[in-house]
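What follows is a short report on a single structure.
Just so it is clear, none of the values below were taken in a lab; they were calculated from the coordinates. This is a predicted model, so every value here is computed, not measured. Using ideal geometry, Cβ is built from the backbone for each residue, glycine included, and neighbour counts are taken over all protein chains shown.
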């Protein structure tokens, strides 16, 4: 979107991803499937060179469960607001010479030039709202861990063998001549 052509009233956009775009986004973000993706986005110019992008994202994704790798579906419905600012002065780190950005939650994002990729903003919001560690309902870590071979371990009930017990036995073993 060319911001120079944006009127004082801003613009409202309806974005609906095609099947090919959904497949590309699913591959990009590691989803098993992206069934649909739609967003309603408004872009407004404000005094001081700020550009406010607000929107609502809706979609359906399928991800692999982190424990069982079985498909986990998630319906997305998220509202977002991002503020950009043109000609945002960048501080440079004296040691590395790299740009330092403001880490405050409400700090504007830098905007270089007059073009704003609204589709990329929606794609980034999709990646942010997706569950980072999807888990199939009712599955616990204990359900997928391997069971000990040979039945119950020896020892008193409730007593577990320490994982470094084998190393402790080696430490106490006398060494052969050096």
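Taking packing as the residue-averaged number of other Cβ atoms within 10 angstrom, the listed peptides 49-57, 16-24, 124-132 run from highest to lowest as 49-57, 124-132, 16-24. Shape class for region 3-141: oblate, because the ratio a/c of the largest to smallest gyration tensor axis (alpha-carbon atoms, square roots of eigenvalues) is 1.5 or more and b/c is at least a/b.
Put simply, when 135-142, 59-66 are sorted by average Cβ atoms within 10 angstrom per residue, most first, you get 59-66, 135-142. Potential lengthening of the chain between residue 176 and residue 69 amounts to 33.6 nm, from the contour at 0.36 nm per residue minus the alpha-carbon distance. Between region 1-69 and region 122-142, the alpha-carbon centres lie 18 Å apart. In this simple spin-label approximation, residue 98 and residue 81 carry label points 7 Å from Cα along the Cα→Cβ vector, and these lie 3.1 nm apart.
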